[in-house]
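This report concerns only the one structure given below.
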Amino acid sequence: MGGRHSCGTRYVHDAHVEPAGPRHPRAATPVRCLRAPDNTGRDAFELIGLFRSLGTRALTITGGGEPPEYPYLEGVIDRFVQNNIQVGLVTNGIHLDRLSRDTLRRLTWCRISHSDERTFTEEYAQSLEAIVCVAPRVDWAFSYVVTAEPNEEMIRKVVHFADVHGFTHVRLVADLLDYANVDLERMKKKINLRGTNDSKVIYQGRNKPRVGGPCFICFLKPVVAADCKVYTCCGAQYALDPPSRRMPEELCLGSAFDLDKIAERSYYPFPGDICKRCYYSEYNRLLADLFSRVEHVNFV
Ligand code: SF4
């Protein structure tokens with residue numbers, strides 16, 4: 001963040017990177033991916049130096065394509081870690097076995113996404129168990145999108161697996177596009193009724209989205225999408241009215257290779273009032289307080 005603020009120097013603390021692989025139907029569209037035209041993954045490797053120079057300490061590799069299907073993922077993770085940037089991975093878990101034992105162990109955390117649309121077969125559970133066992137120091141977690149008609153049996157399987165295999169948590173989160181019709185309290189009662197240990201479950205409803213305002217989080221935690229552009233937040237695809245369901249140009253901050261120039265602009269907040277659905281208002285309010293100038297600081 002820029003020097004006008006009362007705390008911090010200019011840096012991108014935690015970035016999200018979306019490598020390109022086959023696209024999840026509800027994820028952002030990878031227009032152009034982190035692969036260079038010569039198909040060497042050069043773009044991704046070049047960005048690592050830029051992140052480092054900006055003081056980035058941690059990075060989440062997430063969707064826009066399923067990360068383990070990105071052919072250079074292992075090299076990218078290795079290089080980030082060599083540059084003292086911690087890496088977290090968000091994945092659907094299906095192709096985690098494509099990553100070597102060494103790469104898995106380099107992750108700080110890994111969150112595996114599930115939903116009522118997925119199955120949790122015995123075969124899948126066994127393959128996941130094998131992966132988790134080779135990297136016991138990784139903080140493993142599940143995130144499960146609960147719909148208005150939840151698949152109770154599957155949720156119990158996920159919660160039980162997490163409990164048995166020492167996961168840090170299971171986030172049961174209401175479907176973003178239908179959160180008003182998701183009853184997580186009822187879900188909790190049903191899980192408890194059947195005797196499943198839910199001590200690691202975080203039941204996370206959704207706050208009603210608000211119209212955006214001065215936005216700081218986009219500079220602190222920008223999203224680098226698979227088209228090598230920087231977007232304001234991972235809610236960008238739902239922020240406009242109607243939701244674009246892809247990363248919109250209006251919320252694009254520029255090319256990822258200009259991240260340093262984008263960080264320069266963090267002297268002033270991004271005008272988030274064009275966002276009709278912001279899920280990060282509380283973060284922005286907190287950041288606005290942190291960055292406001294305190295007069296007569298000696299009396300505080
Ligand atoms: S949705 Fe919220 S966090 Fe995202 S760009 Fe708009 S104001 Fe910022």
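Can you tell me which residue in region 124-155 is nearest to the chain's Cα centre (by Cα), limited to those that are among the charged types (D, E, K, R) and at pLDDT 95 or above?
Taking the candidates together, the pick is 139.
Restricting attention to region 289-298, does a residue exist that is within 16 Å of the ligand (Cβ to nearest atom) and under 30 Å from residue 43 (Cβ atoms)?
no
Would you be able to tell me the number of residues in region 120-166 that are over 21 Å from residue 197 (Cβ atoms) and not in a helix (DSSP H, G or I)?
8
Looking at region 274-300, I want the residues that are in a helix (DSSP H, G or I) and have a partner that is acidic (Asp, Glu) with Cβ atoms under 8 Å, at least 6 apart or on another chain. Which pairs are those?
274/250
If I ask for residues that are polar (S, T, N, Q), more than 20 Å from residue 237 (Cα to Cα) and crowded, with 19+ Cβ neighbours inside 10 Å, which ones from region 52-97 would you list? Full working, then the answer.
Step one: filter region 52-97 for residues polar (S, T, N, Q), giving 53, 56, 60, 62, 82-84, 86, 91-92.
Now narrow it down to the ones that are more than 20 Å from residue 237 (Cα to Cα): 53, 56, 82-84, 86.
Passing the criteria: only 56.
Tally time: how many residues in region 172-219 are in contact (Cβ under 8 Å) with a residue 60 or more places away in the chain and in a strand (DSSP E or B)?
3
Select from region 224-253 the residues that are more than 9 Å from the ligand (Cβ to nearest atom), outside any loop (DSSP other than H, G, I, E, B) and under 19 Å from residue 177 (Cβ atoms) and list them in ascending order.
The answer is 237, and nothing else.
Restricting attention to region 180-210, report how many residues are closer than 23 Å to residue 234 by Cβ and either at pLDDT 90 or above or touching a strand residue (DSSP E or B) at 6+ places or on another chain (Cβ under 9 Å) (or both).
Residues of region 180-210 closer than 23 Å to residue 234 by Cβ: 180-182, 184, 201-210.
Filter again for either at pLDDT 90 or above or touching a strand residue (DSSP E or B) at 6+ places or on another chain (Cβ under 9 Å) (or both), leaving 180-182, 184, 201-206, 209-210.
Matching residues across region 180-210 total 12.
The values are calculated or read from the model by the stated rules, or taken from the named source; none is laboratory data. None of these values were measured; they are calculated from a predicted model. We place every Cβ from the backbone using ideal geometry, glycine too, and count neighbours over all the protein chains shown.
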